[in-house]
1. Suppose we filter Ser147, Ser89, Ser80 for residues that are open to solvent by less than 90 Å² (accessible area, probe 1.4 Å), closer than 30 Å to Leu51 by Cα, of a type in the set (Ser, Thr, Tyr) and at pLDDT below 75; which single one remains?
2. How many of the residues in segment 23-60 are at pLDDT 85 or above and either open to solvent by 80 Å² or more (accessible area, probe 1.4 Å) or of a type in the set (Phe, Trp, Tyr) (or both)?
3. Select, from Met66, Met124, the only residue that is of a type outside the set (D, E, K, R) and either open to solvent by 50 Å² or more (accessible area, probe 1.4 Å) or modelled with pLDDT under 90 (or both).
4. List every residue pair whose Cβ atoms sit under 6 Å apart, with the two residues 6 or more apart in sequence or on different chains, where the first one lies in segment 32-58 and is closer than 16 Å to Thr134 by Cα and in contact (Cβ under 8 Å) with a residue 40 or more places away in the chain and the second, anywhere, is assigned to a helix (DSSP H, G or I) and open to solvent by 30 Å² or more (accessible area, probe 1.4 Å).
Amino acid sequence: MGCTLSAEATPPLPPTEDPDSGKHKVVIVGASFGGNGVIQGLLDGNDGEILSPSLHVTLLDANEEMSISAINQYVWTNRSSSTNNKVQSWPLSNLRAKRIVQDFRVGTAGTVQELNWDQKYLEMKDGKTIKWDTLVLAPGTVSDPSSVPGLDKAVGVIDLGASKDVSNMEKQMKKLLSNPCVPPR
């Protein structure tokens, strides 16, 4: 997600956006299962169809599509149809939530650059800021092999994380199969 949590006092950026002044601002970071679950909970708390008029809900995601990395195994074993050996993904623009929330941002506009806890705003990658009264962090899981020392140099180790990793997995598998490493006994 590329988020920096600032505990030290930094000069606050003036918020560039203050939509629906007077409404309770709910910002949800992550438009996958968790973020959509929060929206469904907000709907259920009202009438199940529209959000409470007292809320302004912003839904953010750094990605423009959603995929389920667990189905990579089905692509590799030909148990799931795919195009060009890539895991199926779904455009976030097709989400029901997009039609429900007041503000829906993906890509650069949906990428959090910095989170300011004291001033209650997010600085976005596109330079804009978003104020919040309630912040929900639902970014899902992101594979980060850099947190495992030596993993980037390990032989025979493949990092599985998202649909974009499928082509990388294919290259690594071909490399591994061309020169198998058998550990000594």
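1. The unique qualifying residue is Ser89.
2. 1
3. On the way: Met124 fails: either open to solvent by 50 Å² or more (accessible area, probe 1.4 Å) or modelled with pLDDT under 90 (or both).
Of Met66, Met124, the one residue that is of a type outside the set (D, E, K, R) and either open to solvent by 50 Å² or more (accessible area, probe 1.4 Å) or modelled with pLDDT under 90 (or both) is Met66.
4. Filtered contacts from segment 32-58: Leu51/Leu42.
The values are calculated or read from the model by the stated rules, or taken from the named source; none is laboratory data. Note that this is a predicted model, so its numbers are computed, not measured. Backbone-built Cβ (ideal geometry, glycine too); neighbour counts: all protein chains shown. Accessible surface areas use protein heavy atoms only, side chains included; no ligands, DNA or RNA. Shrake-Rupley method; radii C 1.70, N 1.55, O 1.52, S 1.80 Å.
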